[in-house]
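**Q** The structure that follows is given in the form of structure tokens.
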Amino acid sequence: MAAHEILAATNAVVTLDVALPGTVWPWLVTVNMWAKSIGTGVIFMLFLLLRKHPQSAKDLRFSTTVVSLIFIHIFLLFTLADLHQPFRMWHIFFHPHWTSAITVGAWMATLFVGLLFLLAFLSSIKKDNVAFDKALTWVVLLAIPVTLYTAGLMAQCTARELWQMPTESAQMIFAALLSGSAFMLLLGGSKLQGDAQRTLGTVLGLSALMSFILYMAEYIFGPMKAEEVAAVLEYIKGDGPYTVMFWLGQWIAYLLPMALILMYRATQKESLLKLAAILALAGLWLVKHVWLMIPQLLPMS
């Protein structure tokens, strides 16, 4: 909603912006980021398994591609649902503004989906594993900017000091590695040999560790960076409205999976790995939601 006054002398347009009440990015965007992490993460893990443990991954080409397609389409569906003018999304393709992260992301995601359909064709109809593996390399390269683009979008938000491109980029990559390894552990099941399970467990554990370190660094040292960050982090400290959800997310997504993976390495019980994977996937949603919501709660005046 805006009031316009055209100044005849300069032909300039003066616009008075009225603040939008509530949060602009709701839980729809949380699902968006969570699904995108899984959709790109499983592709990263398939690439890793095919090179380190080809025997374990030989029957996972088509199923992994289908999982990636499903979650990338969930990501795109919730992106479209969150747009204030969803029926005008075609402007992104016919009148693109390349300074916008969402425009760049939409084009990359579209190309990514096209390559996923190519992988599905090569693995299910043509059954050409050599061509599949060659195409997979290009899909992996494209999956990197696709999973990073949300960090660029968040970093473009003015007056949101908590969302900085370097840390958000790292969080997006670790989220993809965490969710991708977790989902592959569940998807592979008994098809995965012991060495492949250990590799995925190591990726899951290290991703959880690095993610936890990033969040704790922001939690402890963030207030030293800017007053706005200090004010935002008050929502997850003490009796803040998101304190419980924040720490539940940290325990469920990172700390408990790390402990379960250490127990698995000592006992070799596959059930511990599966439990760690389920917790990581569930906790990641909580972590993403808290980090999305708390900067939007801070009044801009």
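Rule-based calculations on the coordinates, nothing more; no lab input. Computed from a predicted model, the values in this text were never measured in an experiment. When we count neighbours, we look across all protein chains shown, and the Cβ atoms used for this are built from the backbone with ideal geometry, even at glycine.
**Q** Where in the range 204-296 are there trypsin sites (Lys or Arg not before Pro) that are in a DSSP coil and have at most 14 other Cβ atoms within 10 angstrom of their Cβ? Working shown, then result.
**A** Numbers: sites: Lys225, Lys237, Arg265, Lys269, Lys274, Lys288; in loops: Lys237, Lys269.
Those that pass, being in a loop and sparsely packed, are Lys237, Lys269.
**Q** With respect to the cross-link table entries Lys36/Lys126; Lys191/Lys288; Lys58/Lys126; Lys52/Lys134; Lys127/Lys191, which display a Cα-Cα separation exceeding 22 Å?
**A** Values: Lys36/Lys126 27 Å; Lys191/Lys288 31 Å; Lys58/Lys126 15 Å; Lys52/Lys134 16 Å; Lys127/Lys191 19 Å.
Too far apart for the 22 Å limit: Lys36/Lys126; Lys191/Lys288.
**Q** Once the Cα atoms of the range 165-253 are picked out, what are the Rg and Dmax in Å?
**A** In order Rg, Dmax, the Cα atoms of the range 165-253 give 16.1, 51 Å.
**Q** Round to the nearest 0.05 the FRET efficiency obtained for Ala217 and Ala155 when R0 = 22 Å and r is the Cβ-Cβ distance. Don't jump to the answer; show the numbers that get you there.
**A** Working: r = 17 Å, r/R0 = 0.78.
For R0 = 22 Å, the calculated efficiency reads 0.80.
**Q** Which log10 I(q)/I(0) values does the range 154-216 give at q = 0.30 Å⁻¹ under the Debye formula, counting every alpha carbon as one identical point scatterer?
**A** Per q value, in the given order, log10 I(q)/I(0) is -1.17.
**Q** Show me the helices of the chain, taken as full DSSP H stretches, that run 24 Å or more along their long axis by Cα and average 0.0 or above in Kyte-Doolittle hydropathy. Walk me through the intermediate numbers first.
**A** Numbers: long enough: 27-52 (37 Å, 1.20); 61-82 (32 Å, 1.60); 101-124 (34 Å, 2.02); 129-155 (39 Å, 1.36); 165-188 (33 Å, 1.23); 194-225 (45 Å, 0.66); 270-297 (41 Å, 1.36).
Those that clear 24 Å and a mean of 0.0 are 27-52, 61-82, 101-124, 129-155, 165-188, 194-225, 270-297.
**Q** Still on this structure: Quickly estimate the mean residue ellipticity at 222 nm for the chain, helices only: each DSSP H run with n ≥ 4 gives -39500 (n - 2.57), and the total goes over all residues, rounded to 500. List each step's numbers first, then the result.
**A** Numbers: 12 runs with 218 residues, N = 301.
Helix contribution divided over all residues of the chain: -24500 deg cm²/dmol.
**Q** Could you give the alpha-carbon Rg of the chain over 2.2 N^0.38 Å, rounded to two decimals? Please report the intermediate quantities before stating the final value.
**A** Details: Rg = 21.2 Å, N = 301, 2.2 N^0.38 = 19.2 Å.
Output field value: 1.10.
**Q** Taking N as the number of residues in the range 33-99, what is its Cα Rg relative to 2.2 N^0.38 Å?
**A** My calculation over the Cα atoms of the range 33-99 gives 1.48.
**Q** Taking the Cβ of Ala280 as the centre, find all other residues whose Cβ is under 13 Å away and add up their charges (Lys, Arg: +1; Asp, Glu: -1).
**A** Values: positive: Lys274, Lys288; negative: none.
After counting each charged neighbour, the total is +2.
**Q** Still on this model: How far is it, in nm, from the label point at Leu206 to the one at Gln296 when both lie 7 Å from their Cα along the line to the Cβ?
**A** For Leu206 paired with Gln296, the spin-label model returns 3.4 nm.
**Q** FRET efficiency for Met224 and His97, Cβ-Cβ distance as r, R0 = 45 Å, nearest 0.05? Provide the component values of the computation, followed by the final result.
**A** Working: r = 36 Å, r/R0 = 0.79.
Efficiency computed from Cβ-Cβ geometry: 0.80.
**Q** If I model a spin label as a point 7 Å beyond the Cα along the Cα-Cβ vector, how far apart are those points for Lys52 and Ser124 in nm?
**A** Taking the simple label geometry, Lys52 and Ser124 are separated by 2.9 nm.
**Q** Oh, and also: Could you give the length gained by full extension between Thr110 and Arg265, i.e. 0.36 nm per residue of separation minus their alpha carbon distance, to one decimal place?
**A** This chain segment gains 51.8 nm when fully extended.
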